[in-house]
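Take a look at the structure set out below.
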Amino acid sequence: PPTGEKYEYQAEVSRLMDLIVNSLYSNKEVFLRELISNASDACDKLRFLSVTEPALLKDNVDFDIRIQTDKDNGIVTITDTGIGMTRQELIDCLGTIAQSGTAKFLKALKDSKDAGGDNNLIGQFGVGFYSAFLVADRVVVSTKSPKSDKQYVWEGEANASSYTIREETEADKVIPRGTRLTLYLKRDDKGFAHPEKIQKLVKNYSQFVSFPIYTWQEKGYTKEVEVDEDPAEAKKDGEEGSAEQKKKKTKTVVERYWDWELTNETQPIWLRNPKEVSTELYNEFYKNTFNEYLEPLASSHFTTEGEVEFRSILYVPAVSSSGKDDMVNPKTKNIRLYVKRVFISDDFDGELFPRYLSFIKGVVDSNDLPLNVSREILQESRIVRIMRKRLVRKAFDMILGISMSENREDYEKFWDNYGKYLKLGCIEDRENHKRIAPLLRFFSSQSEDYIIGLDEYVENMKPDQKDIYYIASDSVTSAKNTPFLERLMEKDLEVLFLVDPIDEVAIQNLKSYKEKNFVDISKEDLDLGEKDEEKEKAMKQEFGQTCDWIKKRLGDKVASVQISNRLSTSPCVLVSGKFGWSANMERLMKSQTM
Ligand code: ADP
Ligand code: MG
């Protein structure tokens with residue numbers, strides 16, 4: 001029995017472990033991916049810190065992950081030379097749920113239960129350290145942080161509500177730094193302690209880890225050994241009595257031994273030649289790196305040279321992971337920044353992308369930034385400004401690629417998820433209007449069921465039509481029933497329906513597209529290019545008094561009452577003044593202040 005000091009888990013942790021064991025049954029092997037990814041994170045953390053504090057490495061500069069198996073006893077050990085944990089960190093990290101992966105898992109589980117979803121989906125989520133209990137009934141973590149001069153041992157058992165921590169005392173278990181995880185496998189899971197099995201899993205799941213992963217493998221080489229002569233043969237040969245008789249007989253045998261074998265490919269995928277990397281591999285990398293379970297909608301791998309040198313792979317995730325509020329204040333960890341292959345941080349999204357593109361995920365590796373780069377340095381850096389420009393341009397190319405896909409649904413899916421972001425871009429990024437505008441989509445009076453782009457609108461314009469017409473409303477139904485539309489429909493002029501609250505502001509920021517102005521058909525001075533002065537004069541004469549009378553009756557409720565040629569069947573319509581808010585904007589403003 002463990003002899004260390006006993007601690008209770010935070011309540012959620014026991015619940016989580018229970019869920020893990022019961023719901024991930026079919027996909028147990030994820031445990032290895034999770035533990036390797038923790039080992040890799042630990043190496044990343046120490047490598048980053050050691051840039052400014054080389055003494056932390058304690059004479060051992062190698063970062064690696066080693067997995068040893070003992071198939072007779074059903075034991076798997078995973079050792080890394082990363083940052084390790086102090087006693088307090090053991091309590092904070094392995095006894096509480098504060099970390100991304102596990103919290104995400106609980107949320108996903110809840111969401112999928114709420115949606116009546118199946119548990120297979122969850123099997124693909126990162127469940128972090130506790131996934132060790134999928135296959136092990138006892139886990140021992142022996143770890144040494146460079147911040148502490150002691151090595152500590154955390155020990156926990158499946159289905160227990162507590163764990164213990166003690167100091168490492170056995171001399172042969174002392175490590176200079178890092179963490180050693182020992183899994184005592186459950187009876188039915190001892191198969192994972194086979195070296196070939198582990199090797200296969202590493203190749204499958206952890207091919208993108210950028211530190212070498214060694215597995216303990218049995219090897220063999222052939223050699224010639226002398227053997228005793230068969231006496232019968234000797235007699236037969238002996239009759240000849242030749243010199244050959246004295247030549248010793250040999251036999252080829254296989255000599256077996258055990259050794260570490262490098263099991264993954266450590267060259268990061270973004271350093272490879274894009275021509276040699278398949279879409280499947282990019283998608284695999286994406287799912288591994290960002291803990292995603294759906295294929296991305298698009299990816300783009302590029303290198304820029306010249307003034308600033310960097311490499312990057314960008315992705316558009318299949319579904320937007322942040323809600324509406326996150327869009328305004330995104331706290332995403334979507335961009336992983338590397339400097340000369342060293343992972344620096346995934347916390348610099350805002351420095352590398354404008355917030356309206358915060359949904360883009362990817363890796364960026366620069367040779368021109370200092371390793372000890374900070375947010376302040378990034379914000380001041382001319383290099384980063386250039387990088388940012390290029391990244392944004394590539395992101396737009398990638399989105400344009402989806403919009404040109406033969407499969408219309410691809411872009412509809414994109415638009416459903418990210419349309420709002422691009423509209424925010426119209427408001428926040430004047431410089432890129434030319435790139436954003438062709439990507440916008442709207443319903444229209446001639447396309448109530450599927451969204452169209454501005455290019456389609458322009459192509460469909462009448463030969464003498466100068467402007468792009470729009471009406472802002474709260475739904476397609478109310479837009480198409482507005483009296484403003486009558487004359488335009490009669491003349492077969494298409495009108496865009498702006499039904500999302502942000503649409504109108506976005507369009508007003510654009511002002512024009514391909515030199516055609518956006519015109520709100522609900523405004524006072526709508527000119528459909530059909531002025532007939534004679535007729536207007538006659539009308540004014542006939543109905544001038546009626547107008548005066550109506551104005552008198554309505555008083556201050558309206559600014560003026562005028563004769564108009566914009567209606568065909570409705571007797572009258574309320575329009576907004578040239579310089580005032582549109583009715584839709586007024587509605588919006590009202591809803592904001594209430
Ligand atoms: P996540 O990796 O999403 O943070 P995990 O449950 O996988 O969640 O791990 C929890 C925490 O435990 C990690 O954030 C890390 O601080 C710590 N940890 C786990 N494994 C190691 C390790 N091999 N070396 C150092 N710290 C580790
Ligand atoms: Mg983890």
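Coordinate-derived values only; no laboratory data. What you are looking at is a predicted structure, and each value in this text was computed from that prediction instead of being measured. Note: ideal-geometry Cβ built from the backbone for every residue, glycine included; neighbour counts use all protein chains shown.
Gain on full extension, evaluated as 0.36 nm per residue between Thr222 and Ile386 minus their Cα-Cα distance, stands at 53.3 nm. For region 400-405, backbone phi angles converted through the Karplus equation (6.51, -1.76, 1.60; θ = phi - 60°) give residue-by-residue couplings of 4, x, 5, 5, 9, 4 Hz, Gly and Pro being listed as x. Could you work out the relative contact order of region 326-414, using alpha carbon pairs under 8 angstrom and six or more residues apart, expressed as a whole percent? Contact order relative to length: 25 percent.
Please state the shape class of region 487-561: rounded when a/c is under 1.5, otherwise prolate if a/b exceeds b/c and oblate if not, all from the C-alpha gyration tensor. Oblate is the answer for region 487-561, as a/c is 1.5 or above yet b/c matches or exceeds a/b. Between their Cα atoms, which of Lys197/Lys333; Lys71/Lys249; Lys462/Lys535; Lys71/Lys203 are more than 29 Å away from each other? With Cα atoms farther than 29 Å apart: Lys197/Lys333; Lys71/Lys249.
3J(HN,Hα) along region 163-175: 9, 10, 10, 9, 7, 6, 10, 6, 4, 6, 9, 6, 10 Hz, from the Karplus curve 6.51 cos²θ - 1.76 cosθ + 1.60 with θ = phi - 60°, whole Hz, x for Gly and Pro.
Greater than 31 Å separation of Cα atoms is the criterion. Which listed pairs, Lys200/Lys223; Lys361/Lys523; Lys434/Lys480, meet it? In this structure, Lys361/Lys523 lie more than 31 Å apart at Cα.
Once the Cα-Cα distance is subtracted from the 0.36 nm per residue extended length, the Trp260 to Ile427 segment shows a gain of 54.4 nm. A Förster radius of 60 Å, combined with the Cβ-Cβ distance separating Thr3 from Thr252, puts the computed FRET efficiency at roughly 0.70. For Ala298, the residues 5 or more places off, or on other chains, whose built amide H falls under 5 Å of its own are Val316.
Restriction of the GluC sites (Glu not before Pro) in region 465-535 to DSSP coil positions whose beta-carbon has at most 16 other beta-carbons within 10 angstrom yields Glu515, Glu524, Glu530.
Legend: ranking of residues Cys547, Cys426 from fewest to most surrounding C-beta atoms inside 10 Å; resulting order Cys547, Cys426.
Report, to the nearest 10°, how far helix 408-428 tilts away from the longest principal axis of the Cα atoms in the chain, using its own Cα long axis and a range of 0 to 90°. Between the helix axis and the principal axis of the chain, the angle is about 70 degrees.
Projecting the Cα atoms of Asn481, Tyr293, Leu46 onto the charge dipole of the chain, computed from C-beta unit charges around the Cα centre, puts Asn481 farthest toward the positive end. Relative to its residue count, the chain spans a Cα convex hull of 263 Å³ per residue. In the chain, the longest principal axis of the Cα atoms and the axis of helix 501-510 are about 80 degrees apart.
Pairs of Cα atoms nearer than 8 Å and 6+ residues apart set the relative contact order; for region 451-577 it is 28 percent.
Less than 5 angstrom separates the built amide H of Asp368 from those of Glu309, all sequence-distant by 5 or more or on a different chain. Dipole magnitude for the chain: about 1180 debye, using +1 per Lys or Arg Cβ and -1 per Asp or Glu Cβ, origin at the Cα centre. When each of Asp556, Asp410, Asp492 is scored by the number of other beta-carbon atoms lying within 10 Å, the sequence from fewest to most is Asp556, Asp492, Asp410.
Between Gln545 and Asn407, what is the FRET efficiency for a Förster distance of 56 Å, r being their Cβ-Cβ separation, to the nearest 0.05? Using R0 = 56 Å, I get an efficiency of 0.40. Each peptide in 477-485, 336-344 gets a packing score, the mean of other Cβ atoms within 10 Å over its residues, and the list from highest to lowest is 336-344, 477-485. Could you state the angle between the C-alpha long axis of helix 100-114 and the longest principal axis of the C-alpha atoms of the chain, as a value from 0 to 90 degrees rounded to the nearest 10? Approximately 60 degrees, to the nearest ten.
Which whole-number percentage describes the relative contact order of the chain, with Cα contacts under 8 Å and a sequence gap of 6 or more? Relative contact order here is 10 percent.
Only helices enter this figure: runs of n ≥ 4 DSSP H residues, each worth -39500 (n - 2.57), summed and divided by the residues of the chain, yield -11000 deg cm²/dmol at 222 nm to the nearest 500. Seen from Lys516, the other residues with C-beta closer than 11 Å to its C-beta sum to a net charge of +1, counting Lys and Arg as +1 and Asp and Glu as -1.
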